[in-house]
1. Within segment 89-113, can you find the residues that are over 24 Å from residue 187 (Cα atoms) and among the hydrophobic types (A, V, I, L, M, F, W, C)?
2. More than 17 Å from residue 23 (Cβ to Cβ), surrounded by fewer than 24 Cβ atoms within 10 Å (Cβ to Cβ) and without any contact (Cβ under 8 Å) to a residue 40 or more places away in the chain: is that true of residue 113 in this structure?
3. What residue, among those in segment 21-44 that are small (Gly, Ala, Ser) and touching a residue at least 12 places away in the same chain (Cβ under 8 Å), is surrounded by the fewest Cβ atoms within 10 Å (Cβ to Cβ)?
4. Testing residue 180 on (1) within 13 Å of the chain's Cα centre (by Cα); (2) under 19 Å from residue 15 (Cβ atoms), one condition comes back false. Which one is that?
5. Residue by residue through segment 78-119, note down the ones that are under 17 Å from residue 141 (Cβ atoms), assigned to a helix (DSSP H, G or I) and of a type outside the set (A, V, I, L, M).
6. (1) surrounded by fewer than 20 Cβ atoms within 10 Å (Cβ to Cβ); (2) out of contact with any helix residue (DSSP H, G or I) (no Cβ under 7 Å at 6 or more places or on another chain); (3) modelled with pLDDT of 95 or more: which one isn't true of residue 96, the others all being true?
Amino acid sequence: MLAPLMMVAAVRAAGLPFSTVVIDAGHGGRDGGAVWNGLLERNLTLDVAKRLDAALRARGVRTLMTRRSDTTVELSTRAVIANRCRSAVFVSIHFNACRDRSASGIETHYRSARGKELALSVQRSLDKRVTGINRNVSYADYKVLRETRMPAVLVECGFISNKKEARLCASPAHRQKLAEAIATGILEAKK
């Protein structure tokens, strides 16, 4: 289980009403994202995004992916794709990297109050279901969060710059756990 750095108290609203989950596999095409320990972020994000898509569809949830292959999709285009959906939430998948190779853990970013509600639910689910350090949720002004008009989160699924965590992230079984935990967190936010 993720070891919490600090406890986050959350007062839950009635839940987030949505009918579609827009899944954004970070980076892609010309933008490879972070490259550490033989791993390329754009490949990992696409793999987790596809696994998340399958997990949600298996539970009867309608999904839309901003990319399904290794293609370049501009950040503003990702928001445009998401904003075409009514009654949706937006989940962007990423992997972290840092010059401090001891940094590790999973964190979820949000920009709006409803995004925070979704972020807390996703992070709680990751904390229960995935091994690693819980870096909690935090406000961030990333373009994909700023330009989407629905509850939106950006999930950093681990530090590929950390050798131990990179080995985990390289594992298909671990990426499946990440996807299942994110799916559960999304659905728990709806309740």
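1. Within segment 89-113, 97, 98, 103 qualify.
2. yes
3. Looking at the filtered set, the residue picked out is 38.
4. That leaves (2) as the condition not met.
5. Hits for segment 78-119 are 78, 114, 115, 116.
6. Of (1) surrounded by fewer than 20 Cβ atoms within 10 Å (Cβ to Cβ); (2) out of contact with any helix residue (DSSP H, G or I) (no Cβ under 7 Å at 6 or more places or on another chain); (3) modelled with pLDDT of 95 or more, only one is false for residue 96: (1).
Every residue, every condition in (1) touching a His at 6+ places or on another chain (Cβ under 9 Å); (2) surrounded by fewer than 19 Cβ atoms within 10 Å (Cβ to Cβ), yes or no:
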| residue | (1), (2) |
| --- | --- |
| 46 | yes, no |
| 49 | no, no |
| 53 | no, no |
| 87 | no, yes |
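Yes or no, residue by residue, for (1) of a type outside the set (Phe, Trp, Tyr); (2) touching a helix residue (DSSP H, G or I) at 6+ places or on another chain (Cβ under 9 Å):
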position: 102; (1), (2): yes, no
position: 110; (1), (2): no, yes
position: 116; (1), (2): yes, no
position: 137; (1), (2): yes, yes
position: 144; (1), (2): yes, yes
position: 155; (1), (2): yes, yes
position: 159; (1), (2): no, yes
position: 183; (1), (2): yes, yes
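The values are calculated or read from the model by the stated rules, or taken from the named source; none is laboratory data. These numbers come from a predicted model, not from an experiment. Virtual Cβ from ideal backbone geometry, glycine too; neighbours counted across all protein chains shown.
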